[in-house]
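Student: Take a look at this one; I'll ask things after.
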Amino acid sequence: MRTERVREVTSHVVLMLGVLVSLFPFYWMLVMASNTTPDIFAYPPKLLIGSHLWENMGNVLDNIDFFGAMLLTLFASLGVTVLVLFFDSLAAFAFAKYEFPGRNLLFGILLVTFMIPSQLALVPQFVTLAEFGWIGSLKALIIPGAANAFGIFWMRQYAKGAIPDELISAAKVDGAGFFRQYLTVGLPVLRPGLAFLGIFTFINVWNDYLWPLIVMTDPNRLTLQVALQQLNGVYGTDYSMVMAGALMSVIPLIGVFIIGGRHFIADIAAGAMKF
């Protein structure tokens, strides 16, 4: 009994230390955003939250179109996330629960594309989008990310173990076609995996810098990360203002993580209760 108690206390202490280590970068960002640039470089460093947060946030709003860039980034992130959830889960359902000629070969090719660095596709994608006349438009941010190898691989692995073959067989006996099986059998079971994939995709698109920098040629239509880069001056940088902008850009992500994580945990718990 005593050994179990010690083990429980130790695990809680380790978890609390992990939480503190994970939260410290956000706290330090808040500290830098609420102080001045000389305070950031002061020695010993200031570890307490300062009184210049609202001033630094006001400077961010004065220097860039923050809310316009945030709105554009929000549309792009939501569009890519919705398309990825649909196409990746649909492909994963087929790979996991259907036998068809060339299935293993296609999945192998998919894994090979997963190993190729995404930077190698920048030039071909740009040329293709230029031929379509999409450069500078929202479509250039959404369409290239509509499906990806990681999402298909993740959902395929999840669907393979989460969806019983008996459910698919029963749906076929009832006369359900592929899409009806996907909608009525696959999606309800795949919700925890979709919650994780949705959070992962949304955060990746929100934080993307390189691709929007290449395709968004209109200086009045920039995504958030590209707009925040403009806070860096040529001859000097107000780092407190930059950190205030970074803090403002992170706040929506925290909300997405809280909402999506709640659904993820709830669906996992519901699945455990059923089993």
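Student: Please specify each residue of the range 222-252 satisfying the condition of being in contact with a helix residue (DSSP H, G or I) (Cβ under 6 Å, 6 or more places away or on another chain) and either open to solvent by 60 Å² or more (accessible area, probe 1.4 Å) or not assigned by the TED database to the domain that holds Ala130 (or both).
Tutor: Within the range 222-252, Tyr239 is the sole residue that qualifies.
Student: Also: Restricting to the range 220-253, count the residues that are more than 17 Å from Asn56 (Cβ to Cβ) and at pLDDT below 85.
Tutor: The number of residues fulfilling the criteria is 2.
Student: Scan the range 33-46 and give yes if some residue there is free of Cβ contacts under 8 Å to residues at least 12 places away in the same chain, open to solvent by 70 Å² or more (accessible area, probe 1.4 Å) and part of a helix (DSSP H, G or I), otherwise no.
Tutor: Yes, the range 33-46 contains a residue that is free of Cβ contacts under 8 Å to residues at least 12 places away in the same chain, open to solvent by 70 Å² or more (accessible area, probe 1.4 Å) and part of a helix (DSSP H, G or I).
Student: Could you tell me how many of the residues in the range 183-214 are open to solvent by less than 30 Å² (accessible area, probe 1.4 Å) and either outside the structural domain of Val256 (by the TED database) or within 20 Å of the chain's Cα centre (by Cα) (or both)?
Tutor: First pass over the range 183-214, keeping only residues open to solvent by less than 30 Å² (accessible area, probe 1.4 Å): 185-186, 190, 192-195, 197-199, 201-202, 206, 211-212.
Within this subset, residues satisfying the condition of being either outside the structural domain of Val256 (by the TED database) or within 20 Å of the chain's Cα centre (by Cα) (or both) are 190, 192-195, 197-199, 201-202, 206, 211-212.
Number satisfying all stated conditions: 13.
Student: Hey, another quick one. Being small (Gly, Ala, Ser), assigned to a helix (DSSP H, G or I) and within 19 Å of Pro192 (Cα to Cα) is the filter here; which residues of the range 143-179 pass it?
Tutor: Here is the first cut: in the range 143-179, the ones small (Gly, Ala, Ser) are 145-147, 149, 151, 159, 161-162, 169-171, 175-177.
Keeping just the survivors that are assigned to a helix (DSSP H, G or I) gives 145, 149, 151, 159, 161-162, 169-171.
Those that are small (Gly, Ala, Ser), assigned to a helix (DSSP H, G or I) and within 19 Å of Pro192 (Cα to Cα): Ala149, Gly151, Ala159, Gly161, Ala162.
The values are calculated or read from the model by the stated rules, or taken from the named source; none is laboratory data. The structure presented is a predicted model; accordingly, all values stated were derived computationally and were not measured. Methodologically, a virtual Cβ is constructed for each residue, glycine included, from the backbone with ideal geometry; neighbour enumeration extends over all protein chains shown. We work out accessible area using only protein heavy atoms, side chains counted, and drop any ligands, DNA or RNA first. Shrake-Rupley method; radii C 1.70, N 1.55, O 1.52, S 1.80 Å.
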